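Below you'll find the structure, written out as structure tokens, and then a few comments.
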Amino acid sequence: AYVQVIKDGAGRPVELYALRPERVTVVPGADGWPAAYRYRLAERTLEIAIEDAAGWPELVHIRSFHPGDDHYGAGTLAAAAQAIAVHNAAQQWNRALLE
């Protein structure tokens, strides 16, 4: 999940917007860490910085740990993928047995 933080003139957070995750991409920096985020909507692209001038986040990326993907993390269904595959295989086997 991605949450954009909108601030007032004094730099205080006043609004939070949940962004659609399929529209957000991570812009990696030279060191491999995220440098910014790009949010695309049709032909328009908005680049959102990691932090403002005071060091506070402009966008919060909420993710689960994934050993092979540092930028995007694990999806909510990634942990259940194997159990779902076993369930689907068992369902096919049961259907074949009944037929």
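The values are calculated or read from the model by the stated rules, or taken from the named source; none is laboratory data. Everything numeric in this text was worked out from a predicted model, so none of it was measured. Backbone-built Cβ (ideal geometry, glycine too); neighbour counts: all protein chains shown. Just the protein is used for accessible areas: all its heavy atoms, side chains included, with ligands, DNA and RNA removed. Shrake-Rupley method; radii C 1.70, N 1.55, O 1.52, S 1.80 Å.
Some observations on this one:
- Each helix, a run of at least 4 DSSP H residues, gives -39500 (n - 2.57); summed and divided by the residues of the chain, these come to -6000 deg cm²/dmol at 222 nm.
- When only the Cβ of Lys, Arg, Asp and Glu is charged (+1, +1, -1, -1), the dipole of the chain relative to its Cα centre reaches about 300 debye.
- Heavy-atom accessible surface of the chain: percent carbon and sulfur, 1.4 Å: 58
- Efficiency of FRET between His66 and Glu99 - r from beta-carbon atoms, R0 41 angstrom, step 0.05: 0.55
- Percent RCO, i.e. relative contact order, over the chain, from Cα pairs under 8 Å lying at least 6 residues apart: 19
- The range 84-96 - phi-based ³J(HN,Hα) in whole Hz, Karplus 6.51/-1.76/1.60, Gly and Pro as x: 5, 4, 5, 4, 5, 5, 5, 5, 5, 5, 4, 5, 5
- 3J(HN,Hα) along the range 17-32, derived from phi through the Karplus expression 6.51 cos²θ - 1.76 cosθ + 1.60 where θ = phi - 60°, amounts to 10, 7, 9, 6, x, 6, 9, 9, 10, 8, 9, x, x, 5, 8, x Hz, with x in place of Gly and Pro.
- Label selected from [x] 39, 15, 13; [y] 21, 16, 11; [z] 26, 16, 12, the criterion being semi-axes √(5λ) of the Cα gyration tensor in Å as computed here: [x]
- Karplus 3J(HN,Hα) series, Hz, for the range 40-53 with 6.51 cos²θ - 1.76 cosθ + 1.60 (x for Gly, Pro): 10, 9, 6, 8, 9, 10, 10, 9, 10, 5, 5, 9, 8, 5
- Tensor-based shape of the range 5-58 (alpha-carbon gyration tensor, a/c under 1.5 rounded, otherwise prolate or oblate): oblate
- Rounded FRET efficiency, nearest 0.05, which uses the C-beta distance separating Glu58 from Ala80 and R0 of 25 Å: 0.20
- Solvent-accessible area per residue for the chain (1.4 angstrom probe, square angstrom): 78
- In range of the label at Asn88: residues from the range 1-21 whose backbone nitrogen is under 18 Å from the point 7 Å along Cα→Cβ: none
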